[in-house]
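Structure first, commentary second.
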């Protein structure tokens with residue numbers, strides 16, 4: 001009996017030692033418990049001022065360029081169709097970067113489309129995240145390589161620097177012939193069609209836009225950053241086409257790559273927080289994974305108290321990551337008490353990442369309002385005051401709000417003890433530290 005007790009105590013000691021090492025190496029040494037930067041901005045530029053875009057770009061390491069949104073989609077089926085159609089038009093080059101892919105019809109259709117173009121002599125390059133595409137078989141990638149398609153797996157695990165594996169590319173970018181680009185938030189997965197989960201059988205809500213003009217050259221550079229990261233060689237020998245547009249068609253645009261984020265400085269967080277601070281009339285924010293910190297909660301409540309129309313559009317319990325949803329729900333309390341409206345989309349998962357400031361500046365792309373997008377992922381957002389883009393994003397919000405449940409403070413107080421209060425807080429702790 002005493003031997004059994006000794007054995008149990010020994011294994012408890014080993015488990016405690018391992019746990020302590022995880023906390024020490026994985027959290028403490030990485031600075032996970034350092035004090036957070038709090039944004040307190042005085043005299044923020046008005047969104048109508050000419051200096052607004054320049055100021056925002058300079059404090060977020062964003063690129064200022066010109067371009068035009070020539071198409072906009074906010075339905076999952078249309079997004080997949082638009083990508084396949086764009087690929088079919090390629091005559092010279094296809095550059096594609098994504099975070100998430102899973103086996104299924106969408107992945108097969110994508111492979112068939114790029115393989116056909118590669119066989120026609122089009123140069124195809126893929127940057128795919130090594131973690132986000134882990135469910136895709138080696139045979140899938142080998143078939144593509146045999147077709148002449150070049151593939152770079154972003155940030156594969158390296159035992160020499162294991163903690164670096166936390167950094168992912170979360171960008172979704174398709175560039176055709178250096179002529180036009182598609183940017184959005186959707187992955188290559190049948191999840192978006194509502195066919196993969198019993199409790200989520202409707203297409204997801206997401207957006208994608210088609211861009212032309214000077215901005216395409218900037219996006220080529222953004223793609224080349226990660227291509228070089230995986231290959232060690234920057235291939236910039238693209239045949240440049242005339243991307244110029246008339247001044248009448250061109251619109252000022254900001255490209256926010258969110259590259260190499262740190263807790264001390266996150267381009268995406270700085271962009272979103274300072275956009276919120278600058279707003280004068282309206283803040284509509286959409287994120288499927290909504291995990292605001294105390295600073296952003298203070299900013300949103302302050303905006304509401306100053307008379308702004310502040311609304312959040314996020315996912316419901318239909319979320320593809322339910323533990324993250326429970327963690328998100330834990331953050332609702334102060335916002336609801338401060339009269340910030342929180343709308344949970346009901347038909348399916350909403351995956352759209354949107355920000356509308358004063359019906360003037362619209363932002364969309366890959367970045368969520370959560371610590372992973374702020375401090376770990378390389379992201380890609382586009383911001384512009386182009387009326388067509390603003391209209392498209394506003395209509396997507398209205399579509400989402402119309403099919404959402406407005407959460408009340410009473411609802412929040414009646415949340416589940418186990419799912420929300422216990423599991424949600426455990427997930428929230430690790431989400432913010434990892």
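The values are calculated or read from the model by the stated rules, or taken from the named source; none is laboratory data. From a predicted model like this one, the values you see are computed outputs, not experimental measurements. A quick note on method: Cβ atoms are made from the backbone with ideal geometry, for glycine too, and the neighbour counts reach across all protein chains shown.
Descriptive notes on the structure:
- Restricting attention to segment 73-102, the residues being closer than 21 Å to residue 202 by Cβ and either surrounded by 15 or more Cβ atoms within 10 Å (Cβ to Cβ) or touching a strand residue (DSSP E or B) at 6+ places or on another chain (Cβ under 6 Å) (or both) number 11.
- When segment 157-173 is filtered for residues that are in a loop (DSSP other than H, G, I, E, B) and in contact (Cβ under 8 Å) with a residue 60 or more places away in the chain, the ones remaining, listed by number, are 167, 168, 170, 171, 172.
- Filter pass, residue 426 being modelled with pLDDT under 95, over 25 Å from the mean Cα position of the chain (by Cα), in the same structural domain as residue 295 (by TED's automatic domain parsing) and farther than 26 Å from residue 339 by Cβ: no
- Some residue of segment 315-324 being in the same structural domain as residue 401 (by TED's automatic domain parsing), assigned to a strand (DSSP E or B), without any contact (Cβ under 8 Å) to a residue 60 or more places away in the chain and out of contact with any helix residue (DSSP H, G or I) (no Cβ under 6 Å at 6 or more places or on another chain): yes
- Filter pass, residue 124 being within 23 Å of residue 84 (Cα to Cα) and touching a helix residue (DSSP H, G or I) at 6+ places or on another chain (Cβ under 7 Å): yes
- Where residue 290 falls short, out of the listed (1) surrounded by fewer than 21 Cβ atoms within 10 Å (Cβ to Cβ); (2) under 21 Å from residue 430 (Cα atoms): (1)
- Checklist (1) at pLDDT below 95; (2) touching a helix residue (DSSP H, G or I) at 6+ places or on another chain (Cβ under 9 Å); (3) not in a helix (DSSP H, G or I) applied to residue 55, failing item: (3)
- Matching residues in segment 373-399 - criterion: being touching a helix residue (DSSP H, G or I) at 6+ places or on another chain (Cβ under 7 Å) and surrounded by fewer than 23 Cβ atoms within 10 Å (Cβ to Cβ): 376
- So residue 216, is it touching a strand residue (DSSP E or B) at 6+ places or on another chain (Cβ under 6 Å), buried (at least 24 other Cβ atoms within 10 Å of the Cβ) and either in contact (Cβ under 8 Å) with a residue 24 or more places away in the chain or in a strand (DSSP E or B) (or both): no
- Some residue of segment 298-307 being in the same structural domain as residue 407 (by TED's automatic domain parsing), touching a helix residue (DSSP H, G or I) at 6+ places or on another chain (Cβ under 6 Å) and either surrounded by fewer than 19 Cβ atoms within 10 Å (Cβ to Cβ) or outside any helix (DSSP H, G or I) (or both): no
Let's see how each residue does on (1) closer than 17 Å to residue 127 by Cβ; (2) free of Cβ contacts under 8 Å to residues at least 12 places away in the same chain; (3) crowded, with 20+ Cβ neighbours inside 10 Å:
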position: 175; (1), (2), (3): yes, no, yes
position: 178; (1), (2), (3): yes, no, no
position: 181; (1), (2), (3): yes, no, yes
position: 191; (1), (2), (3): no, no, yes
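- Taking each residue of segment 401-421 that is without any contact (Cβ under 8 Å) to a residue 60 or more places away in the chain and looking for partners that are surrounded by 12 or more Cβ atoms within 10 Å (Cβ to Cβ) with beta-carbon atoms closer than 6 Å, six or more apart or interchain, yields 403/346; 403/347.
- Residue match in segment 224-240 (condition: modelled with pLDDT of 85 or more, surrounded by fewer than 22 Cβ atoms within 10 Å (Cβ to Cβ) and in contact with a helix residue (DSSP H, G or I) (Cβ under 8 Å, 6 or more places away or on another chain)): no
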